[in-house]
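**Q** Input: one structure, supplied below.
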Amino acid sequence: MSHTGEILSNEVLKDKYCRAVFRAPEICEKAEPGHFVHVMIPSMRDRILRRPFSICHAGGSQLTIVYKVVGRGTEELSRLKPGEKCDFMGPLGVPFSLPVEDEIPVIVAGGYGAAATYMISERSKNKGYLLLGARTEKDLILTDNYKNNGFEVRVATEDGAVGTKGLVTVLVKELLEENKGKNLKFYGCGPHGMLLALGELLITNEIDGELSMDQMMCCGIGACFACVVKVKDNNPDGWRYARTCKEGPVFKASDVYYGRT
Ligand code: FES
């Protein structure tokens, strides 16, 4: 079922990253952390395909998405002005589950993966950590927003411009070492390679987590199989394809197939 969302604001957040706020009460009502929406951009109706965007914030009637301008779809989106309308499907997918009891949330994000996990920092009663990895300083977004929600933010950049030099998994290893015996609940969102590395690290440490494995999506409703990832299975191969738009995008780290059974 689709809904109409009216643009309230659409502005540059930082460098190529933008933030669009829509009035979309029907979607906000049901949105949970990790859900996504499938958006038809008015000037691209000829192309038929919708574009998937993670929900960054949903409160009252206002829905926020954060996106990076990387191609025609996001360029067209960045040109939309307040008052213009888009057609939305959503909220779609399997969301993250919030921490319970004494679980300490540890969000591990790569680049604008931090947008898809942001609602965890808003809605979790327990406060924890954001471990954010990016290529360079330009790709670090929403860090102050996480801090304002009570999360400690640690950063790794590949060029070493800010924070630890290297990959975000370095920060994960440090945090695990510091917090032995504590009940950490891990969440991941970012590039596929980062998520596989994070998942394997968690399994090695006998900790489970939830990973948003979103892939390029076409239909968004389970019909085209464009969005598959490998998950464990009891068949002789030990794995099968799962549609991230339908069975995900959030999967348990222990359900993801890492190339061995
Ligand atoms: Fe078509 Fe997932 S996007 S099956």
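Any read-out appearing in this document is the output of simple, stated calculations on the displayed coordinates, not a laboratory observation. It should be emphasised that the depicted structure is a prediction, and the values quoted were computed from it without experimental measurement. FYI the Cβ positions are ideal-geometry reconstructions off the backbone, even for glycines, and counts take in every protein chain you see.
**Q** What does the charge dipole of segment 158-208 about its Cα centre add up to, to the nearest 20 debye, if the Cβ of each Lys and Arg holds +1 and the Cβ of each Asp and Glu holds -1? All intermediate terms of the calculation are to be shown ahead of the outcome.
**A** Details: 5 positive and 8 negative charges, 28 e Å.
Roughly 140 debye for segment 158-208.
**Q** Tell me what the chain gives for mean residue ellipticity at 222 nm when only DSSP H runs of n ≥ 4 count, each as -39,500 (n - 2.57), the sum divided by the residue total, rounded to 500 deg cm²/dmol.
**A** Taken over the chain, the calculation gives -5500 deg cm²/dmol.
**Q** Could you pull out every one of the aspartates and glutamates with an alpha carbon less than 16 Å from that of Lys127, ignoring same-chain neighbours closer than 8 positions?
**A** Glu101, Asp102, Glu103, Asp144, Glu152
**Q** Next question. Which one of Val162, Val228, Val39 has the biggest mean-square fluctuation once the chain is modelled by GNM with Cα springs under 10 Å?
**A** Comparing Val162, Val228, Val39 in the GNM, the peak value goes to Val162.
**Q** Separate question: Return the long-range amide H neighbours of Gly133 (sequence gap of 5 or more, or a different chain), with a cut-off of under 5 Å between placed amide H atoms.
**A** Amide H to amide H, under 5 Å and 5 or more residues apart or across chains, Gly133 pairs with Ala109, Gly110, Gly111, Ala156.
**Q** Given H placed 1.01 Å from N in the peptide plane, which residues other than close sequence neighbours of Ile141 have an amide H under 5 Å from its amide H?
**A** Under 5 Å from the amide H of Ile141 lies no amide H from a residue far enough along the sequence or on another chain.
**Q** Quick one: of the DSSP bridges fully inside segment 122-261, what percent are antiparallel, nearest 5?
**A** Numbers: 9 of 21 bridges.
In segment 122-261, approximately 45 percent of DSSP beta bridges are antiparallel ones.
**Q** Helix 192-204 versus the longest principal axis of the chain: what angle, 0 to 90°, nearest 10, using Cα atoms?
**A** Once rounded, one gets 30 degrees.
**Q** Once you've got the Cα coordinates, tell me which of Lys230/Lys252; Lys30/Lys81; Lys16/Lys147; Lys68/Lys173 are over 18 Å apart.
**A** On the way: Lys230/Lys252 12 Å; Lys30/Lys81 26 Å; Lys16/Lys147 22 Å; Lys68/Lys173 29 Å.
From the list (Lys230/Lys252; Lys30/Lys81; Lys16/Lys147; Lys68/Lys173), the Cα-Cα distance tops 18 Å for Lys30/Lys81; Lys16/Lys147; Lys68/Lys173.
**Q** Binning at 10 Å from 0, report for the chain what percent of all alpha-carbon pair distances ends up in each bin.
**A** 7, 31, 37, 21, 5, 0
**Q** What is the distance in Å between the Cα centres of segment 125-158 and segment 178-235?
**A** Taking the Cα centre of each part, segment 125-158 and segment 178-235 sit 19 Å apart.
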